[in-house]
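Student: My structure is below; once you've seen it, I'll send some questions.
The values are calculated or read from the model by the stated rules, or taken from the named source; none is laboratory data. It should be emphasised that the depicted structure is a prediction, and the values quoted were computed from it without experimental measurement. Cβ sites come from the backbone with ideal geometry, for glycine too, and all protein chains shown count toward neighbours.
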Amino acid sequence: MSYLNIENLVTSFPVRGQGFFSKKIPDVKIINNVSLNIKKGEVLGLVGESGCGKSTLGRSLLRLVPVKSGKILFNNDDLMNKNYSELSKLRPQLQMIFQDPYASLDPRMTIYDTLAEPLLFHNIVPKSELDEEINRLMNLVGLAPRYIKKYPHEFSGGQRQRIAIARALALRPEFIIADEPVSALDVSIQSQIINLLLDLKKKLNLTILFISHDLSVVRFICDRIAVMYLGKIVEIAPSKELFENPIHPYTQALLSAIPLPDPRKEKNRERILLQGEPPSHLNPPSGCAFSPRCHKKKDASCGTRTPSLVQTSDTRWVSDCACCEQR
Amino acid sequence: MTNNNEILLQVDNLKTYFHTRTGCFRAVNGVSFHVRKGETLGIVGESGSGKSVSQYSLLKLIPQPPGKIESGTAFFDGTDLLSADEKTLRGIRGKRISMIFQDPMTCLNPYLKIGDQIIEPLLIHHNYNKEEARKKAIEALKQVGMTSPEKRMKGYPHELSGGMRQRVMIAMALITEPELLIADEPTTALDVTVQAQILDLIKKLQKEKNTAVIFITHDLGVIAGVADRVMVMYAGEIVEEGLTEEIFYSACHPYTRALLKSIPANAQVGDELFSIDGLPPNLSHKITGCSFNPRCTEKVNDDKNLDFPTLTEITKSHRVANCACALRNVSEIERNS
């Protein structure tokens, strides 16, 4: 029974050509026909290079960006058919934590104001209990309630990310999209926030979509992982299986590129070094989008046939390109 | 990788303080280290631990005021960089010592063509004429793996992706064939796949030209792959220094150990991740004793806290701060071996 179900989602943005009378260019598809489901209570990791559309996918789920077509079924309720006020009623259940805690908090609002705003807007608690609720939230994320009258600039990065998490949890959501919540933080602080997220997930029974480019973090925190490349999902697998047995050549390259904190292993390992740069959404390669950089590419068919995601076992989906089937 | 063991850079007791309205920040507080020809020295530490400032100080790239190099010497091939006048420094910066900065998005001049930016060091330091310099720049771009370098020379930085810009930075830094390259988090802003390409490139070029590299990063995974020796910094001080294998397999300082333990890649899935509680100390307060003491999990109550821990030698290459916890770990390792 899936909890959040995405079917054939397409998000595209208009592009202007050069000059006023320029030829009209078709909209560029950032999310290209993505289907995905998330089970209740799981942490699904979404990984990929910068610019592959992983953040846009996260935002599309909350309809923070204009979605062109597709279905977003949340508890069997299609978010695509909702108007603004209906969506606004649903928002408390779907919250987001952003990447950069330096930019996502309003510098002119005290922590108290930041946390009180969503609570008051959605009438979560009566005004008389507001202070108590804010103290509860501060304790929940491990901050001393005496800090509530301070401004964001008085906090360190890790503390700010805790505030951002408290703000997301204020509305008692069921589902959280965490968009690179630890990539702006130092290793020692990063582990504090990861532990906090895992702890809160258990305590509050949250479902999390964890967007990240750091595979070692994803391996640690996620139950399942979806790998994205140029607006498409190329592989979905349980975390352990993905790391032990990656099928798609891109996943293999991605895993082999993770630096290992172990000098002996690091010296002896074979790296798959990808050639070239990530392609542009404006001018995607024909056929398999990964084919120009693929280390396994065999014949010309890679450049002509567009692969799609197929289910290969109970838990795994993988792109049906020639290189994946050949193994 | 070291071809000869000659010391290229010897830094002693470097102190860089920032005098601000809110107090004096001891960003770098008595750092001594050396770099040999052709080797890679990795520097790790949290943000604010002084790893970048210590290197910027060498080339006087810190704003003065508020920054001030309070003491120290840095002998680079016989010249003391810290007491050298501006003219001498100008002959060294960008020619014999180059830098690659963290963020390729902001370090290239958006108004200048890539070609003009790459040939600039050649025109200044080597008296090349423009045509020769251009030829050399195209060659340099080829070396760093840029496609159609002739066309790229006429382009602007905004036309390039992050990885490509970092390649331009590397080409620019290495075009004068420096003896020392300081790379300040050169891959932090990049994707893992691109990071692997760039690290590979730096290693390759280093081998070809026998350049010494100081590699600053907070990613221990990257350090494991590139460095010959590693220096761990905390709160403006070096807490441990040693060969890469010594740091990774027989770390003695509690901070180094905690850093290694807190990497998600080292953890078992399902366990709680090891985390270092608390925050790095405020550098504007005078710290006496071990700076890591408040966050240290290995400390024992009756440990005598030294007022000023100094580095002691464990092996020829391995030095660690002589706080009680570190010394305990040292004797434990010796007993086991």
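Student: If you scan segment B:83-108, which residues turn out to be more than 26 Å from B:H218 (Cα to Cα) and in a loop (DSSP other than H, G, I, E, B)?
Tutor: Restricting attention to segment B:83-108, the residues satisfying the condition of being more than 26 Å from B:H218 (Cα to Cα) are B:83-92, B:95.
Listed by number, the residues that qualify are B:S83, B:A84, B:D85, B:K95.
Student: In the list B:E150, B:E131, which residue meets the criterion of being free of Cβ contacts under 8 Å to residues at least 12 places away in the same chain, more than 29 Å from B:S32 (Cα to Cα) and not β-branched (V, I, T)?
Tutor: Working: B:E150 fails: free of Cβ contacts under 8 Å to residues at least 12 places away in the same chain.
Result of the check over B:E150, B:E131: B:E131.
Student: Then there is this: Within segment B:299-314, track down each residue that is assigned to a loop (DSSP other than H, G, I, E, B) and at pLDDT 80 or above. Walk me through how you get there before you give the answer.
Tutor: At the first step, the residues of segment B:299-314 found to be assigned to a loop (DSSP other than H, G, I, E, B) are B:299-310, B:314.
Answer for segment B:299-314, where residues must be assigned to a loop (DSSP other than H, G, I, E, B) and at pLDDT 80 or above: B:T310, B:I314.
Student: Determine whether B:G145 is at positive phi and either within 12 Å of another protein chain (Cβ to nearest Cβ) or part of a helix (DSSP H, G or I) (or both).
Tutor: Values: at positive phi: yes; either within 12 Å of another protein chain (Cβ to nearest Cβ) or part of a helix (DSSP H, G or I) (or both): yes.
Judged against the criteria, B:G145 is a match.
Student: Taking the residues in segment B:68-91 that are loosely packed, with under 13 Cβ neighbours inside 10 Å and out of contact with any strand residue (DSSP E or B) (no Cβ under 8 Å at 6 or more places or on another chain) as candidates, determine which candidate is nearest to B:A212 (Cα to Cα).
Tutor: Residue satisfying both the conditions and the ranking: B:G78.
Yes or no, residue by residue, for (1) touching a Lys or Arg at 6+ places or on another chain (Cβ under 7 Å); (2) modelled with pLDDT of 90 or more; (3) of a type in the set (D, E):
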{"site": "A:R162", "(1), (2), (3)": "no, no, no"}
{"site": "A:R167", "(1), (2), (3)": "no, yes, no"}
{"site": "A:S183", "(1), (2), (3)": "no, no, no"}
{"site": "A:D186", "(1), (2), (3)": "no, no, yes"}
{"site": "A:D199", "(1), (2), (3)": "no, no, yes"}
{"site": "A:K203", "(1), (2), (3)": "no, no, no"}
{"site": "A:D223", "(1), (2), (3)": "no, yes, yes"}
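Student: Check B:N282, B:N210, B:N266 and return the single one that is touching a residue at least 60 places away in the same chain (Cβ under 8 Å) and out of contact with any strand residue (DSSP E or B) (no Cβ under 7 Å at 6 or more places or on another chain).
Tutor: Numbers: B:N282 fails: touching a residue at least 60 places away in the same chain (Cβ under 8 Å); B:N266 fails: touching a residue at least 60 places away in the same chain (Cβ under 8 Å).
Result: B:N210 is the single residue among B:N282, B:N210, B:N266 that is touching a residue at least 60 places away in the same chain (Cβ under 8 Å) and out of contact with any strand residue (DSSP E or B) (no Cβ under 7 Å at 6 or more places or on another chain).
Student: I've got another one for you. Looking only at segment B:191-234, filter to residues that are over 23 Å from A:I272 (Cα atoms) and away from chain A (no Cβ under 13 Å); which one of those is farthest from the chain's Cα centre (by Cα)?
Tutor: B:K209
Student: When you go through (1) more than 14 Å from chain B (Cβ to nearest Cβ); (2) touching a residue at least 12 places away in the same chain (Cβ under 8 Å); (3) not in a helix (DSSP H, G or I) one by one for A:G276, which number turns out not to apply?
Tutor: With respect to (1) more than 14 Å from chain B (Cβ to nearest Cβ); (2) touching a residue at least 12 places away in the same chain (Cβ under 8 Å); (3) not in a helix (DSSP H, G or I), A:G276 is out only on (1).
Student: Limited to segment B:245-264, what total is found for residues that are in a helix (DSSP H, G or I) and either touching a Leu at 6+ places or on another chain (Cβ under 8 Å) or among the hydrophobic types (A, V, I, L, M, F, W, C) (or both)? Steps first, answer last, please.
Tutor: Taking segment B:245-264 as the starting set, the residues that turn out to be in a helix (DSSP H, G or I) are B:245-249, B:254-261, B:264.
Remaining after also requiring either touching a Leu at 6+ places or on another chain (Cβ under 8 Å) or among the hydrophobic types (A, V, I, L, M, F, W, C) (or both): B:247-248, B:258-260, B:264.
Selection size over segment B:245-264: 6.
Student: Quick check on this structure: which one of B:G38, B:G30 is assigned to a strand (DSSP E or B) and at positive phi?
Tutor: On the way: B:G38 fails: assigned to a strand (DSSP E or B).
Among B:G38, B:G30, only B:G30 is assigned to a strand (DSSP E or B) and at positive phi.
Student: Same structure, new question: Which members of segment B:174-190 meet the condition of being part of a loop (DSSP other than H, G, I, E, B) and either surrounded by fewer than 22 Cβ atoms within 10 Å (Cβ to Cβ) or away from chain A (no Cβ under 14 Å) (or both)? Give the steps one after another, and end with the answer.
Tutor: Residues of segment B:174-190 that are part of a loop (DSSP other than H, G, I, E, B), as a first pass: B:175-179, B:185-190.
Of everything in segment B:174-190, those that are part of a loop (DSSP other than H, G, I, E, B) and either surrounded by fewer than 22 Cβ atoms within 10 Å (Cβ to Cβ) or away from chain A (no Cβ under 14 Å) (or both) turn out to be B:I175, B:T176, B:E177, B:P178, B:E179, B:E185, B:T188, B:A189.
Student: Same structure again: Would you check which residues across segment B:313-337 are over 28 Å from the mean Cα position of the chain (by Cα) and acidic (D, E) and list them?
Tutor: B:E332, B:E334
Student: Kindly provide the set of residues from segment B:98-132 that are surrounded by 15 or more Cβ atoms within 10 Å (Cβ to Cβ) and either in contact with a His (Cβ under 8 Å, 6 or more places away or on another chain) or of a type in the set (S, T, N, Q) (or both), ordered by number.
Tutor: Correct list: B:S98, B:Q102, B:Q117.
Student: Could you figure out which of (1) of a type in the set (S, T, N, Q); (2) closer than 20 Å to B:L81 by Cβ; (3) within 14 Å of chain A (Cβ to nearest Cβ) isn't true of B:Q64?
Tutor: (3)
Student: Please go through segment A:205-216 and pick out each residue that is within 14 Å of chain B (Cβ to nearest Cβ) and at pLDDT 90 or above. Steps first, please.
Tutor: Narrowing segment A:205-216 to residues within 14 Å of chain B (Cβ to nearest Cβ): A:210-216.
Listed by number, the residues that qualify are A:F210, A:I211.
Student: Show me the strands (runs of 3 or more DSSP E) found entirely inside segment A:1-107 where at least 1 residues are touching a residue at least 40 places away in the same chain (Cβ under 8 Å), farther than 30 Å from A:L196 by Cα and of a type in the set (A, V, I, L, M, F, W, C).
Tutor: Filter on segment A:1-107 gives A:2-13, A:28-39.
Student: Identify the residue in segment A:100-120 that is out of contact with any helix residue (DSSP H, G or I) (no Cβ under 8 Å at 6 or more places or on another chain) and modelled with pLDDT under 90 and, among all such residues, is surrounded by the fewest Cβ atoms within 10 Å (Cβ to Cβ).
Tutor: Just the residues of segment A:100-120 that are out of contact with any helix residue (DSSP H, G or I) (no Cβ under 8 Å at 6 or more places or on another chain), to begin with: A:100, A:103, A:108, A:113, A:117.
Still in the list and also modelled with pLDDT under 90: A:100, A:103.
On the way: A:D100: 16, A:A103: 11.
It comes out as A:A103.
Student: Only one residue in A:K201, A:K265 is within 11 Å of another protein chain (Cβ to nearest Cβ) and not in a loop (DSSP other than H, G, I, E, B), so which one is that?
Tutor: A:K265
Student: Return only the number of the condition from (1) part of a helix (DSSP H, G or I); (2) buried (at least 18 other Cβ atoms within 10 Å of the Cβ); (3) away from every other protein chain (no Cβ under 11 Å) that A:E241 does not satisfy.
Tutor: Checking A:E241 against (1) part of a helix (DSSP H, G or I); (2) buried (at least 18 other Cβ atoms within 10 Å of the Cβ); (3) away from every other protein chain (no Cβ under 11 Å), the one that fails is (2).
Student: May I ask you to list the residues in segment B:262-278 that are buried (at least 17 other Cβ atoms within 10 Å of the Cβ) and either more than 8 Å from every other protein chain (Cβ to nearest Cβ) or in contact with a Ser or Thr (Cβ under 6 Å, 6 or more places away or on another chain) (or both)? It would help to see each step written out before you state the result.
Tutor: Residues of segment B:262-278 that are buried (at least 17 other Cβ atoms within 10 Å of the Cβ), as a first pass: B:262-267, B:273-276.
Within segment B:262-278, B:S262, B:P264, B:A265, B:L273, B:F274, B:S275, B:I276 qualify.
Student: Would segment A:225-232 turn up any residue that is assigned to a loop (DSSP other than H, G, I, E, B) and more than 12 Å from every other protein chain (Cβ to nearest Cβ)? Explain how you work it out, then say what you get.
Tutor: Quick first cut of segment A:225-232, residues assigned to a loop (DSSP other than H, G, I, E, B) only: A:230-231.
From what's left, more than 12 Å from every other protein chain (Cβ to nearest Cβ): A:230-231.
Yes, there is a match, as at least one residue in segment A:225-232 is assigned to a loop (DSSP other than H, G, I, E, B) and more than 12 Å from every other protein chain (Cβ to nearest Cβ).
Student: Taking interchain pairs and intrachain pairs at least six residues apart, which have beta carbon atoms under 8 angstrom, with the first residue in segment A:175-190 and more than 10 Å from chain B (Cβ to nearest Cβ) and over 19 Å from B:D191 (Cα atoms) and the second of a type outside the set (S, T, N, Q) and assigned to a loop (DSSP other than H, G, I, E, B)?
Tutor: As it stands, the answer is A:F175/A:L206; A:I176/A:L206; A:I177/A:L62, since those pairs meet every condition given.
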